[in-house]
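In what follows, a single structure is set out as structure tokens and then discussed.
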Amino acid sequence: MVRKAVIPAAGFGTRFLPATKAQPKEMLPIIDTPVIQYVVQEAVDSGIEDILIISGKGKRSMEDHFDRNFELESRIVEKEEEALYNQLRHIENMANIHFIRQRELNGLGDAIYYARFHCGSEPFAVLLGDTILNSAIPVTQQIIDAYEQYGHPVIAVETVPHDKVNRYGIVGGEKLSEKVLRLTEMVEKPDIDKAPSNLAIAGRYILTPEIFPAIEQTIRGKGNEIQLTDALRIVLKQEDIVATIIEGKRYDIGNKLDFLKTTVEFALKRKEFAAPFAEYLKEIVKGL
Ligand code: UTP
């Protein structure tokens, strides 16, 4: 059973500067909800009870967000805004949320290494803190199901256009079923003509404790960072890893254009904004 999740959220967010100079990109709101809350909700909706957020310098607001704020609550009670009050209480009670600080930003592999004592001998989910996945069945649930079926680490992958494979971590392998592959290779941002497939790593993983010694052996790679993909390649030498082609859409909000698209798409899904916002967009499009 997968009960624990790790959410790496310590990164600098350089692609989103200057907004991320003094605030975490994981706290940027999509309409009225910070990105990290969508990520935590996905974990909770997938049955996760215990979450470790890998935090870092300048990221205190994430801790405050999931903490109780009595002053704010009492103000809202006075105003008799019950729905809002319940929403605030929900945030504090979503799961057991713990924080640990990544002292130096040495990459995603290094960030996950901070979870070794927290996860102990259990398998755990990894959800990138800057990536929202919108799907009917939560993507973390989809890969937990695959873990339970195959008993090996699982990487969520999505199909991307062939001419964009050089922007992603790409996997190659043998098909075990329509949606599942047994991995044979993983390449970070391959040249378009050298990519083993057009299946891109989608920011969700189920890992086993074998990842920790593999991270210890991983030498610094791209960007002089300890890359998770390199550590997974070490694991792959010892045991099978499967990839599941997920059903859902990925939004990388660390990228400004994706952030804009996410805001528009999510606004169109919100009951209170859908109609007036669609009207507004139609007007804008007419003028283009
Ligand atoms: P990214 O590579 O997208 O984050 O990592 P980044 O380094 O903040 O991005 P840019 O390129 O500077 O804009 C994916 C996730 O992993 C976390 C990030 O916070 C993000 O949620 N991460 C990355 C860490 O926790 N520690 C790291 O050392 C690197």
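The values are calculated or read from the model by the stated rules, or taken from the named source; none is laboratory data. Note that the coordinates shown come from a computational prediction; the quantities given were computed from them, not determined experimentally. Because the Cβ atoms are built from the backbone with ideal geometry, glycine has one as well, and the counts that use them run over all protein chains shown. The area values use the complete protein model at the heavy-atom level, side chains included, leaving out ligands, DNA and RNA. Shrake-Rupley method; radii C 1.70, N 1.55, O 1.52, S 1.80 Å.
Just so you know, in region 210-233 the residues that are of a type in the set (A, V, I, L, M) and buried (at least 17 other Cβ atoms within 10 Å of the Cβ) include one that is nearest to the chain's Cα centre (by Cα), and it is L228.
Before we move on, is R68 of a type in the set (D, E, K, R), touching a helix residue (DSSP H, G or I) at 6+ places or on another chain (Cβ under 7 Å) and open to solvent by 30 Å² or more (accessible area, probe 1.4 Å)? Here the answer is yes, as R68 does meet what is asked. Every condition in (1) more than 16 Å from the ligand (Cβ to nearest atom); (2) among the β-branched types (V, I, T); (3) buried (at least 17 other Cβ atoms within 10 Å of the Cβ); (4) more than 29 Å from T208 (Cα to Cα) holds for T33 except the one numbered (3). Checked against (1) outside any loop (DSSP other than H, G, I, E, B); (2) within 10 Å of the ligand (Cβ to nearest atom), Q41 passes all but a single condition, namely (2). S177 falls short on exactly one of the conditions (1) without any contact (Cβ under 8 Å) to a residue 40 or more places away in the chain; (2) touching a Leu at 6+ places or on another chain (Cβ under 8 Å); (3) within 23 Å of M1 (Cβ to Cβ); (4) open to solvent by 10 Å² or more (accessible area, probe 1.4 Å), and that condition is (2).
The set of residues from region 86-128 being out of contact with any Lys or Arg (no Cβ under 7 Å at 6 or more places or on another chain), more than 10 Å from the ligand (Cβ to nearest atom) and in a loop (DSSP other than H, G, I, E, B) comprises N93, M94, A95, R103, A115, G120, S121, P123.
Go through the residues of region 29-36 one by one and say whether even a single one is touching a helix residue (DSSP H, G or I) at 6+ places or on another chain (Cβ under 7 Å), closer than 21 Å to A136 by Cα and in a helix (DSSP H, G or I). The answer is yes; a qualifying residue exists.
In the set L105, L127, only one residue is under 18 Å from the mean Cα position of the chain (by Cα), open to solvent by 40 Å² or more (accessible area, probe 1.4 Å) and of a type outside the set (S, T, Y); that residue is L105. Candidates are the residues of region 2-26 that are more than 11 Å from the ligand (Cβ to nearest atom) and touching a residue at least 12 places away in the same chain (Cβ under 8 Å); the one that is surrounded by the fewest Cβ atoms within 10 Å (Cβ to Cβ) is A22. For L232, the criteria (1) among the aliphatic types (A, V, I, L, M); (2) within 16 Å of the ligand (Cβ to nearest atom); (3) out of contact with any strand residue (DSSP E or B) (no Cβ under 7 Å at 6 or more places or on another chain); (4) in a helix (DSSP H, G or I) hold in every case but one, which is (3). Consider E239 against the criteria (1) acidic (D, E); (2) under 14 Å from P123 (Cβ atoms); (3) open to solvent by 70 Å² or more (accessible area, probe 1.4 Å): it satisfies all of them except one. Which criterion is unmet? In the conditions (1) acidic (D, E); (2) under 14 Å from P123 (Cβ atoms); (3) open to solvent by 70 Å² or more (accessible area, probe 1.4 Å), E239 misses (3) alone. Counting residues in region 45-58 that are in a strand (DSSP E or B) and among the charged types (D, E, K, R) gives one or more.
So is I48 more than 9 Å from the ligand (Cβ to nearest atom), under 21 Å from L88 (Cα atoms) and either free of Cβ contacts under 8 Å to residues at least 40 places away in the same chain or surrounded by fewer than 24 Cβ atoms within 10 Å (Cβ to Cβ) (or both) or not? When the stated conditions are applied, I48 does not pass them. Answer with yes or no whether Y205 is open to solvent by 60 Å² or more (accessible area, probe 1.4 Å) and aromatic (F, W, Y). The answer is no for Y205. Figure legend. Inter-residue proximity from region 56-84: first residues hydroxyl-bearing (S, T, Y), second residues surrounded by 12 or more Cβ atoms within 10 Å (Cβ to Cβ) and modelled with pLDDT of 95 or more, beta-carbon distance below 6 Å, spacing 6+ or different chains. Indicated pairs: S61/M27.
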